[in-house]
Amino acid sequence: MKEKYNEFDKLNRLLVASFEAEKLYYNAAMDAQTTELKRFLNYMAVERNRMSHDISNELHSRDIEPLKADAEKGNLDRTWHEIKEALEKFNAEVIINQCIARDKNNIKRYEALLENPQIPESIAAILKKHVKQLNWYIKQAEQHKMNPFKKETATVSEEKKTTETSEDKEDNNDNIRSLRAI
């Protein structure tokens with residue numbers, strides 16, 4: 001019987017890890033500087049929340065109290081210095097790599113639980129589904145790694161060149177110069 005409760009303790013720890021992954025994605029979404037990346041990271045946070053609630057419901061159905069002490073929403077343990085630093089030094093690739101690393105770590109936890117033949121079939125089915133989802137989400141996250149500002153920087157510089165060229169033509173013809181904020 002103790003082995004059974006040991007597995008539920010591991011499931012409880014997986015629940016906490018899942019909530020931590022949700023926090024990570026939530027905080028990353030708050031720091032993201034493009035709408036597309038914000039949407040993606042918010043979606044990933046919601047998916048981690050759904051996974052956490054699946055596990056929590058299974059624990060409740062077996063009269064085991066889920067560990068929710070660490071299940072608070074993101075941003076609670078972040079100081080304004082950390083938030084400021086994250087916004088100033090935002091790097092989409094680094095943040096997504098952190099999220100992917102957390103997901104891979106959680107997959108290892110899932111697989112460790114799935115190795116136990118005593119785990120109830122309903123829980124095993126949920127865990128297998130979550131592993132499949134996490135693997136899919138990791139592939140999706142890989143596609144969002146590129147830094148969107150690298151593209152914009154090239155576009156902005158090209159636009160400046162185009163604008164300067166057309167303004168130079170105007171300057172030569174009419175001797176009118178546009179004033180720009182410096």
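Only the coordinates and a few stated rules stand behind these numbers; no lab work does. Remember, predicted model here, so these are calculated numbers, not experimental data. Glycine also receives a Cβ, built like all others from the backbone with ideal geometry; neighbour counts cover every protein chain displayed.
Past 22 Å, Cα to Cα, is the threshold; run LYS38/LYS128; LYS104/LYS145; LYS10/LYS145; LYS10/LYS38; LYS23/LYS145 against it and keep the listed order.
LYS38/LYS128; LYS10/LYS145; LYS10/LYS38
Gain on full extension, evaluated as 0.36 nm per residue between ALA125 and ALA112 minus their Cα-Cα distance, stands at 3.3 nm. Here each label is just a point 7 Å from Cα along the line to Cβ, and for ARG13 and GLU142 those points are 2.9 nm apart. Placing dummy labels 7 Å off each Cα toward the beta-carbon, the span from LYS38 to ALA101 is 2.7 nm.
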